[in-house]
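The structure appears right after this line, and notes come after that.
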Amino acid sequence: MDIVVKGRKTEVPERFRKHVAEKLKLEKIQKLDGKVISLDVEVSKEPNPRQADRCDRVEITLRSRGPVIRAEAAASDPYAALDLAAEKLDARLRKQHDKRFSRRGARRISAAEVPDHVPGAATLNGNGHPVHEEDQDGVPTKKIGSLEVKGEGPLVVREKTHVASPMTLDQALYEMELVGHDFYLFVDSETKEPSVVYRRHAYDYGVIHLSTDPMVAQAQSPAPGGILGG
């Protein structure tokens, strides 16, 4: 396997190509991912003088039999950008390698060991029936929707809100691979509805589109003119 180095709207000097080969050691990469098919490095330059500190951008794309791994970085010169992108690539390769290793090394556990390995798992009594929380420590629990709340304490749900610009499906796939996640939530630029792309097997991807049921929306909306008492 060779490293393909190409420039987008810029020339790539031979000295930089040699530096890429020295920086991205194929032996090290193949130890972390033995199914690598290709490794592409693209160099581009931003002509805007206001972005002089980030005018050179390097994008590394590694394709294998598993998910595509991308890493990119920008700096004041291509060598610094390559160093930053190579560090990101190495971190993502190690993450994928550790994930595969942990899956292969996992062993089956008995039912008695489940509470020790899985936080929040139900405990069974001698008859094989689940022991409720109030039976274990005297603190009652209640179920709110699909969540169980212990005692009278407040229900805390971690929430995140992101500002999202509408994008195409191709852009969403690119962003998902860029951040190294298995799914990506976005607003479809065509339908203006929330959608999710996710990784399936090998190179396969899936997409879920959400749309509002007009009958439900109409039933939940107040009647024209408000509610009148009488």
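Bear in mind that the values in this text are calculations on the coordinates, not laboratory data. Worth saying up front: this structure is predicted, and the values here are computed from it rather than measured. FYI the Cβ positions are ideal-geometry reconstructions off the backbone, even for glycines, and counts take in every protein chain you see.
Separation of the alpha carbons by more than 24 angstrom is noted, of 25/95; 99/192; 9/95; 18/45; 95/192, for 99/192; 9/95; 95/192.
Computed about its Cα centre, the charge dipole of segment 1-96 is approximately 360 debye, with only Lys, Arg, Asp and Glu carrying charge at their Cβ.
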